[in-house]
Structure formats: C-alpha cells, structure tokens
Amino acid sequence: MIENEKQLKEILTVLNDEGVLKDIILIGSWCLLFYKHIFAEFEPTVRTSDIDFFVPNPKAIKEKDGLIKSLKCINYDIVRDSLTYKSTFISPNGFEIEFLTKLNRNQLVCVELGNTHIYAESLSYVDIFAGNYIEVTYNNMEIKVASPASYVFQKLLINDMRKTKKEKDLESIKNVLLFVNSSKKYRDELISLFNSLPKKWKKRINNVASQNNIIIPKQ
C-alpha cells in the first residue's frame with residue numbers, strides 16, 4: 001500500500017457517507033494512484049501528505065450529518081484563516097485536506113461549501129477540472145478524479161508557483177505523458193482539451209513545457 005493510502009481511504013469514506021463525494025473532484029498528486037486503473041503497468045509514485053479536492057459548484061454541497069463533525073471523528077481538526085476563513089483539516093500526523101474552487105466574479109478569496117461552514121479557496125486554473133475527470137470505483141465508492149489531460153495541463157500552468165515542488169511535478173507530468181501518448185483515447189482527449197483552452201493558458205503551458213523539454217502533442 002502507498003504511504004498515507006489508509007488515511008486517503010478514511011477521508012474518502014467520510015466524504016462518501018456525508019453525500020459530498022459525488023460533487024467534488026480529486027485533484028493533485030493523489031490522482032496518480034487512480035491512473036493505474038486506466039493505464040496498464042502504470043506505477044503511481046505518491047509522495048505527499050495533503051489531499052486536494054476541486055468543488056465545481058460550492059452551493060451544491062449538502063452534507064448529511066455534518067462534515068466537520070465526521071472528519072473530527074477520524075481525528076481531523078479544522079483550522080480557519082482568521083482573515084479569509086480558508087478551511088484546512090489537519091490530522092495529528094500533519095496530513096492535510098483542502099477544498100478549492102474557481103475564481104468568482106465577486107473576487108472572494110474563499111467560498112463556503114453549501115452551509116457546511118467549510119470554506120474553499122478560490123484559485124486560478126482549477127476550473128480546468130470541471131468536466132475533465134474520470135470516474136473510478138475504489139473501495140466500493142465512485143470517485144471523480146482529474147483526467148490525465150487536466151492533471152498535466154494544470155500542473156504546467158501552476159509550475160512557476162510551486163517553488164520546492166516544481167521538480168517533483170515535472171517528473172510526474174513527464175511520466176503521465178508517457179502513458180497518455182501510448183493511448184489513442186487519452187492522447188486525443190489531451191489534444192482536444194488543449195485546443196479548448198484560452199490563448200493565455202496555451203501560451204503559458206507551451207512556455208513551461210518548452211523550458212523543461214516536455215513535448216505536448218498537438219495533433
């Protein structure tokens with residue numbers, strides 16, 4: 001079992017029991033664990049102590065019993081930023097859970113998820129995951145996971161912001177692209193997604209890819 005996978009299962013189970021899992025998308029490095037479901041011989045390398053979820057529609061989130069209370073039951077305490085209310089759940093061993101959503105017209109730094117008193121951070125580029133995900137059955141749960149194409153492009157878009165994690169991300173991007181290029185279905189999906197992106201995003205992706213000897217298929 002991959003390090004911290006037990007905690008991942010506990011978190012996903014709570015989200016599923018609360019009825020929230022169907023309305024969020026797993027993003028970030030934990031996606032690699034699920035790509036072995038779609039790529040033969042894919043070996044995930046997950047070295048992270050945090051888990052991120054993209055929330056396409058924060059208003060749609062409806063909990064059954066209380067997500068804060070349920071996560072507390074598996075030893076996750078909520079920490080809120082005193083200015084923005086950004087919510088982070090932290091376990092005793094430092095494992096973190098965060099929720100992210102797209103930038104909004106009102107330019108709010110954080111947005112409440114339904115009436116949960118949990119606030120997702122509004123960020124650039126995460127809306128690339130809306131509609132661009134795969135569905136995987138894991139421990140009898142249906143999980144929405146960022147598609148390989150959206151994973152690669154979002155990692156390239158934010159690479160300059162990643163500081164100490166830049167090299168790790170680039171290694172991961174290259175590995176995922178190897179498998180994407182070996183599959184007509186996922187290669188075509190990547191090309192289609194790239195073509196649908198705003199010009200500024202395409203330019204940013206191309207610049208970062210070029211600087212790091214990464215070839216993005218365009219046809």
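The values are calculated or read from the model by the stated rules, or taken from the named source; none is laboratory data. Nothing here was measured: the structure is a model prediction, and the numbers come from that model. In this analysis, Cβ positions are derived from the backbone assuming ideal geometry, glycine residues included, and neighbour counts consider all displayed protein chains.
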Checklist entry - Out of ILE78, ILE97, ILE74, ILE68, which single residue is assigned to a loop (DSSP other than H, G, I, E, B) and either among the charged types (D, E, K, R) or out of contact with any Gly (no Cβ under 7 Å at 6 or more places or on another chain) (or both)? => result ILE74
Checklist outcome for this item: Inside the range 81-94, the number of residues satisfying the requirement of being under 11 Å from ALA120 (Cα atoms) and either under 19 Å from the mean Cα position of the chain (by Cα) or not in a loop (DSSP other than H, G, I, E, B) (or both) is 3
Checklist entry - Which one is surrounded by the fewest Cβ atoms within 10 Å (Cβ to Cβ), of the residues in the range 22-54 that are part of a loop (DSSP other than H, G, I, E, B) and in contact with a strand residue (DSSP E or B) (Cβ under 9 Å, 6 or more places away or on another chain)? => result SER49
Next on the checklist: Can you find a residue that is modelled with pLDDT under 95 and in contact with a helix residue (DSSP H, G or I) (Cβ under 7 Å, 6 or more places away or on another chain) anywhere in the range 143-158?
Outcome noted: no
Next on the checklist: Within the range 169-189, does at least one residue satisfy the condition of being of a type in the set (S, T, N, Q), under 17 Å from TRP30 (Cβ atoms) and buried (at least 19 other Cβ atoms within 10 Å of the Cβ)?
Outcome noted: yes
Next on the checklist: Whether any residue in the range 78-99 is of a type in the set (A, V, I, L, M, F, W, C), in contact with a Cys (Cβ under 8 Å, 6 or more places away or on another chain) and on the phi < 0 side of the Ramachandran plot is what I want to check.
Outcome noted: no
Checklist entry - Just a yes or no: is a residue in the range 91-105 surrounded by 15 or more Cβ atoms within 10 Å (Cβ to Cβ), among the small types (Gly, Ala, Ser), in contact with a Phe, Trp or Tyr (Cβ under 7 Å, 6 or more places away or on another chain) and closer than 30 Å to GLU167 by Cβ? => result yes
Checklist outcome for this item: Scanning the range 99-136 for residues that are under 21 Å from PRO148 (Cα atoms) and of a type in the set (D, E, K, R) gives LYS102, ASP127, GLU135
Checklist entry - For the range 6-21, which residues satisfy the criterion of being in contact (Cβ under 8 Å) with a residue 40 or more places away in the chain and not in a loop (DSSP other than H, G, I, E, B)? => result GLN7, LEU8, LYS9, GLU10, ILE11, LEU12, THR13, VAL14, LEU15, ASN16, ASP17, LEU21
Checklist entry - Are any of the residues in the range 157-164 of a type outside the set (A, V, I, L, M, F, W, C), under 17 Å from the mean Cα position of the chain (by Cα) and exposed (fewer than 12 other Cβ atoms within 10 Å of the Cβ)? => result no
Item to check | Set SER124, SER192: member being modelled with pLDDT under 95, surrounded by fewer than 20 Cβ atoms within 10 Å (Cβ to Cβ) and of a type in the set (Ser, Thr, Tyr) | outcome: SER124
Checklist entry - Does THR116 satisfy the criteria of being crowded, with 16+ Cβ neighbours inside 10 Å, hydroxyl-bearing (Ser, Thr, Tyr), touching a strand residue (DSSP E or B) at 6+ places or on another chain (Cβ under 6 Å) and modelled with pLDDT of 95 or more? => result no
Checklist entry - Conditions: (1) touching a Lys or Arg at 6+ places or on another chain (Cβ under 8 Å); (2) in contact (Cβ under 8 Å) with a residue 24 or more places away in the chain; (3) under 30 Å from LYS185 (Cα atoms). THR48 meets all but one. Number of the miss? => result (1)
